[in-house]
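Here's the structure we're looking at; comments come further down.
Values in this text are rule-based calculations from the coordinates and carry no lab data. Keep in mind that what you see is a predicted model, and the values were worked out from it rather than measured. Cβ coordinates were reconstructed from backbone atoms using ideal geometry, including for glycine residues, and neighbour counts include every protein chain displayed.
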């Protein structure tokens, strides 16, 4: 029921039908990335090294 407006809009715009079916997955992925970015971390790992996270510039 909730996909019907998306399917109709995509069909009217000429997009493939399978794109409307992937839309809920894209929304979940976007929400997961937003939550992961909002969670504070004490350390960040980059290229095998760990760095302490601080709010101080420089």
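Name the one entry in 19, 27 that is within 18 Å of residue 7 (Cα to Cα) and either under 9 Å from the mean Cα position of the chain (by Cα) or assigned to a strand (DSSP E or B) (or both). Answer to the check: 27. Is one or more of the residues making up the stretch 10-30 touching a strand residue (DSSP E or B) at 6+ places or on another chain (Cβ under 8 Å) and on the phi < 0 side of the Ramachandran plot? No. Does the stretch 2-16 hold any residues that are surrounded by 10 or more Cβ atoms within 10 Å (Cβ to Cβ), outside any helix (DSSP H, G or I) and under 21 Å from the mean Cα position of the chain (by Cα), and which are they? 3, the sole residue that qualifies. What number of residues within the stretch 30-58 are without any contact (Cβ under 8 Å) to a residue 12 or more places away in the chain and within 19 Å of the chain's Cα centre (by Cα)? So the count comes out to 10.
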